[in-house]
Amino acid sequence: MLREFRLDDEVAVHRYGSDDDVTRYTTWGPNSPADTAMFLSEVAREAAREPRTTFILAVATLDDELTGAANLTITDTQSTGELGYVLARDQWGHGYATEVARRLILFGFDELELLRITATCHPDNFASARVLEKAGMHFEKTIRDHLRVRGGWRDSRVFAIAASDEGAVHSD
């Protein structure tokens, strides 16, 4: 399930955010306790912003155990969003990331009325690329030297889905 973050999520957020395996392909981390606290402060600021253009949500099990984070950010065009997600290592391989991506796509198209949603991933992150494809997104291109991460430049693979794509996720 996706929900707003709470202050009592800090221990769980730090558990996945400080994991070297979890953050291997991210643009952040591994996080210190101060980094985790700063992240939760940023989340609270974004949630209070009006109009809200960034939705950073907690990924939790049905019994409300926090297992990761997901985000959808509306870009300057107001018709495009960019999604992202991260899950604790013990949650990998169960289809949860694909379900999270699909829910963000559904939210973006049906609730925010976006026309297009994109996502990027590290070129070596084959699991994330597969998640994006299973969620209905299509590989578009690789951007060379796209992001400066941990002192070096990194390429990014770009995936996208349009609201008009055949098979795009929508509620009935």
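Where a ≥ b ≥ c are the square roots of the eigenvalues of the C-alpha gyration tensor, would you call the stretch 68-137 rounded, which needs a/c under 1.5, or, failing that, prolate if a/b is larger than b/c, or oblate? Please list the in-between numbers first.
Details: a/c = 2.07, a/b = 1.73, b/c = 1.20.
Prolate.
Distance from the Cα centroid of the stretch 90-158 to that of the stretch 55-69 is 18 Å (rounded to whole angstrom). The C-alpha radius of gyration of the stretch 1-97, expressed as a fraction of 2.2 N^0.38 Å, stands at 1.06.
Taken together, the values in this text are just the output of simple stated rules run on the coordinates, not laboratory data. Not measured: the values here are computed from a predicted model.
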